[in-house]
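Please read the structure below before turning to the comments.
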Amino acid sequence: MKVNSVAGELNLDDLGYTLIHEHLRTRSEAVAVQFPHLYNEQEEFELAIQQVAAVKRLGVKTIFDPTVMGLDRDVRLMERVSRETGVQIVAATGVYTFNFLPTRFAVNSIDFLAEQFVSDIEVGIQNTDIKAGFLKCATDAQGVTPDVEKVLRAVARAHLQTGLPIMTHSHPATETGLRQVEIFKEEGVNLEKVLIGHCGDTDNIEYIERVLDYGVFIGMDRYGITRILSTERRNETVKKLADKGYANRMFLSQDYCCTTDMYKPNHLKMKAQPNWSITFLLEKVIPALMEQGVTKEQIQQMMIENVKTWFKN
């Protein structure tokens, strides 16, 4: 089986050590278009190069970047970073919104939106020949608004047409992951090809197991974002779930953004989130997990094997 990357097709066995949820850049599309003087494209590129090269030195071979519409996806930037660093980068298609869709999509059907996702997968993104490798959608504290539901169902229908896996942004505090899965189930999605993201933002094992009961994967994918949950509590949750036999259903990542509108200038990021970096998982978290009894085989499962199963299911 092949996986679309920004530099061409990859074999599943060539994905190697994978960070499943990291962003080379996120920013407001509207602000970037209307007030471009607020951004330094060369600086953003150089910061992405530095960060991606840093994890390559630690053994990372592939990064999945779920930056889609709503986060200012730029596949040309992804391609440049991939070719410069030699790290394989897989781009997504979908829409990141917690509330509303732009008028063009709001006034058209679910199937119209799904067609655009399928085009990204089968033709190319942003008038390039770079094809999306997975699907992305989001539901946060605002819940499943009508437009958010349209995105979820469009992603489901694009999955049914292409077979590509789905990754979500969810909000465990309001249990939106369960609603996402229910909608996917209604649409006939193969739930073994769904990754409910950000489940690591809670240490409520009972909730996480209710999500896992559907047969999906979960993302323990926000390491370093300690304002939501400390690293220690995240690790305790991963260890408990691994002990219960769920290592084959978890992904570890950081949801790191090499640059983001949330922290401008970029150095403010370290002041606000001192542990949030693209290397934190490999340098600090995984060694700590192994000290707590998570085995090397379980780490390999979460960082290498699960991504292959996500595609093959």
Taking the stated definitions as given, is residue 42 in a helix (DSSP H, G or I), under 23 Å from residue 195 (Cβ atoms), open to solvent by 10 Å² or more (accessible area, probe 1.4 Å) and not aliphatic (A, V, I, L, M)? no
State all residues of region 71-97 that are surrounded by fewer than 20 Cβ atoms within 10 Å (Cβ to Cβ) and closer than 22 Å to residue 117 by Cβ; if no residue qualifies, say none. 76, 79
Scanning region 173-197 residue by residue, the ones that are over 29 Å from residue 285 (Cα atoms), open to solvent by 10 Å² or more (accessible area, probe 1.4 Å) and part of a helix (DSSP H, G or I) total 4
Out of all the residues in region 86-97, is one or more polar (S, T, N, Q), under 19 Å from residue 3 (Cβ atoms) and touching a Ser or Thr at 6+ places or on another chain (Cβ under 8 Å)? yes
Of (1) within 30 Å of residue 11 (Cα to Cα); (2) in contact (Cβ under 8 Å) with a residue 24 or more places away in the chain; (3) not in a loop (DSSP other than H, G, I, E, B), residue 287 satisfies all except one. Which? (2)
Subset of region 147-163 (residues that are open to solvent by 20 Å² or more (accessible area, probe 1.4 Å) and under 14 Å from residue 93 (Cβ atoms)): 157, 161, 162, 163
Test: residue in region 261-271 that is polar (S, T, N, Q), open to solvent by 10 Å² or more (accessible area, probe 1.4 Å) and at pLDDT below 95: yes
Going by what's in this entry, would residue 240 be described as within 22 Å of residue 136 (Cβ to Cβ), free of Cβ contacts under 8 Å to residues at least 40 places away in the same chain and open to solvent by 60 Å² or more (accessible area, probe 1.4 Å)? no
Qualifying positions in region 117-146 - over 16 Å from residue 72 (Cα atoms), open to solvent by less than 10 Å² (accessible area, probe 1.4 Å) and not in a loop (DSSP other than H, G, I, E, B): 134
Could you say whether any residue in region 98-111 is more than 26 Å from residue 62 (Cβ to Cβ), basic (Lys, Arg) and crowded, with 17+ Cβ neighbours inside 10 Å? no
Answer yes if at least one residue in region 101-108 is under 15 Å from residue 132 (Cβ atoms), of a type outside the set (A, V, I, L, M) and outside any loop (DSSP other than H, G, I, E, B), and no otherwise. no
Just to be sure, is residue 61 within 27 Å of residue 170 (Cα to Cα) and touching a helix residue (DSSP H, G or I) at 6+ places or on another chain (Cβ under 8 Å)? yes
Note: among 91, 138, 158, just one is hydrophobic (A, V, I, L, M, F, W, C) and farther than 28 Å from residue 48 by Cα, namely 158
Contacts under 7 angstrom Cβ, first residue in region 198-220 being crowded, with 22+ Cβ neighbours inside 10 Å, partner among the charged types (D, E, K, R) and in a helix (DSSP H, G or I), 6 or more apart: 200/234; 217/249; 218/249; 220/234
Find the residue count for region 212-265, including only residues that are out of contact with any strand residue (DSSP E or B) (no Cβ under 8 Å at 6 or more places or on another chain), assigned to a helix (DSSP H, G or I) and of a type in the set (S, T, N, Q). 3
Every residue from region 125-150 that is under 16 Å from the mean Cα position of the chain (by Cα) and of a type in the set (A, V, I, L, M, F, W, C): 132, 134, 135, 137, 138
Region 6-23: number of residues that are closer than 21 Å to residue 281 by Cβ and in contact with a Ser or Thr (Cβ under 7 Å, 6 or more places away or on another chain): 8
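The values are calculated or read from the model by the stated rules, or taken from the named source; none is laboratory data. This one's a predicted model, so the numbers in the text were calculated from it and none came from an experiment. Positions of Cβ are backbone-derived with ideal geometry, glycine not excepted, and every protein chain shown enters the neighbour counts. All accessible areas refer to the heavy atoms of the entire protein, side chains included, with ligands and DNA or RNA removed. Shrake-Rupley method; radii C 1.70, N 1.55, O 1.52, S 1.80 Å.
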